[in-house]
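J.: My questions will all concern the structure given below.
The values are calculated or read from the model by the stated rules, or taken from the named source; none is laboratory data. This is a predicted model, so every value here is computed, not measured. Methodologically, a virtual Cβ is constructed for each residue, glycine included, from the backbone with ideal geometry; neighbour enumeration extends over all protein chains shown. Surface accessibility is based on the protein's heavy atoms, side chains included, excluding ligands, DNA and RNA. Shrake-Rupley method; radii C 1.70, N 1.55, O 1.52, S 1.80 Å.
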Amino acid sequence: MKVKLYDTTLRDGSQTEGISFSVEDKIKVARALREIGIPYIEGGWPGSNPKDDLFFKKARTIRSLKGLVPFGSTRRKGIRASADRNLKALLRAETPVVTIFGKSWDFHVTHALRASLEENLDMIYDSVKYLKVKGREVIYDAEHFFDGYMANPSYALKTLQAARDGGADNITLCDTNGGRLPEEVKEIILRVKEKLPCALGIHAHNDSELAVANTLMAVHCGCTLIQGTINGYGERCGNANLLSLIHISEPTRPLYISYAVFCLK
């Protein structure tokens, strides 16, 4: 089974207390990540702030940084995907791959989005479909999926089905609160695979000090895209540490080389 690494240091990692990347910092980090062979490098959220817009604009002029991944949300409720400013900003980044996230937890749909459950499914489907029509490889992040599944498994699975029907190339299951145990991750992923045969990924936060363990369990259960950050940087207690997981994608590469190359930058 081929496993690919997806780094979100420049987006999720930048939410670490005390970290504030300049555009030049982001370019240096992206170059270092590309040198150690990370295929997917999430550069930020274009359209949300001028810094990320400028970063993607500069990255397009650097040959080694072509193909970075912009991140954003599904369309807003009540409008067409083609009219959504967030989705337009993702397309303006001019990258072959984009990542969007959507709600998996019914509580968040009704209380945060203030949308109906059916409308949220439409938002997911429309957004993925629109980006696919525009020729992009689409990674769909199912935000708070494990908590959403624990609360309402039927609806959480419907959100994944909406992304798959829209044409998502990978559906990444997110333990956004970082509170799940490895056995729970295993049980839920195996149920997802029974109901929804598609390429899966894992995005684990580290609030319970289990992000790496949960990621390893997800790979054991068949997830082929590993999301994480360098040194486990990230909001609150951080994310899965890619430097602890990098050997999964290339078992023959000594881990110390990855540390050394990155630290030299």
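J.: Note down the nm distance, to one decimal, between modelled labels 7 Å out along Cα→Cβ at Glu194 and at Lys2.
T.: The answer from the label model is 3.0 nm.
J.: Between Lys134 and Glu187, what is the spin-label point distance in nm, taking each point 7 Å from the Cα along the Cα→C-beta axis?
T.: 4.0
J.: Something else about it: What number comes out for the charge environment of His144, summing +1 per Lys or Arg and -1 per Asp or Glu over other residues with Cβ under 12 Å away?
T.: -3
J.: While we're on this one: What do you reckon, how do His220, His111, His203 stack up by accessible area (1.4 Å probe), largest on top?
T.: Highest to lowest solvent-accessible surface, that is His220, His111, His203.
J.: Roll a 1.4 Å probe over the protein heavy atoms and report the accessible area of Ser20 in Å², nearest 10.
T.: Result for Ser20: roughly 90 Å² accessible.
J.: For the chain, which longest stretch is free of loop sites, where a loop site is one of the GluC sites (Glu not before Pro) that DSSP puts outside H, G, I, E and B and that has at most 15 other Cβ atoms within 10 Å?
T.: My reading of the result: 95-208 is the longest stretch.
J.: Suppose the chain between Arg76 and Glu119 were pulled fully straight at 0.36 nm per residue; how much longer would it get relative to their current alpha carbon spacing?
T.: 14.5 nm
J.: On a 1.4 Å probe surface of the protein chains, which of Ser127, Ser73, Ser48 comes out largest in accessible area, and what is the full order?
T.: Ser48, Ser73, Ser127
J.: Count the DSSP beta bridges whose two residues both fall in the chain, then state the antiparallel fraction as a percent rounded to the nearest 5.
T.: The antiparallel proportion sits near 5 percent.
J.: Between Asn177 and Ser20, what is the FRET efficiency for a Förster distance of 25 Å, r being their Cβ-Cβ separation, to the nearest 0.05?
T.: The calculated FRET efficiency here is 0.55.
J.: Follow-up question, since we're still on this one. How much accessible area does Ile248 have with a 1.4 Å probe, in Å² rounded to the nearest 10?
T.: The accessible area comes out at roughly 40 Å².
J.: Around Phe101, what is the net charge, scoring Lys/Arg as +1 and Asp/Glu as -1 over all other residues with Cβ under 10 Å from its Cβ?
T.: Around Phe101, the charge tally is -1.
J.: Something else: So I have (i) 43; (ii) 18; (iii) 12, and one of them is percent of Cα pairs over 34 Å apart calculated from this model. Which one is it?
T.: (iii)
J.: Turning to a different aspect of this structure: Compute the length gained on full extension between His220 and Gln161: take 0.36 nm times their separation in residues and subtract their Cα-Cα distance, giving the result in nm to one decimal.
T.: 19.0 nm
J.: In addition: 222 nm [θ] for the chain, helices only, -39500 (n - 2.57) per DSSP H run of 4+, per residue, to 500?
T.: -12000 deg cm²/dmol
J.: Moving on to the next point. Per residue, what accessible area does the chain have, given a 1.4 Å probe and all protein chains present, in Å²?
T.: That works out to 44 Å² for each residue.
J.: Also: Just to be sure I understand the model, the point goes 7 Å from the Cα along the line to the Cβ. What's the resulting Lys28 to Arg85 distance in nm?
T.: Each label point lies 7 Å from its Cα, and together they span 3.3 nm.
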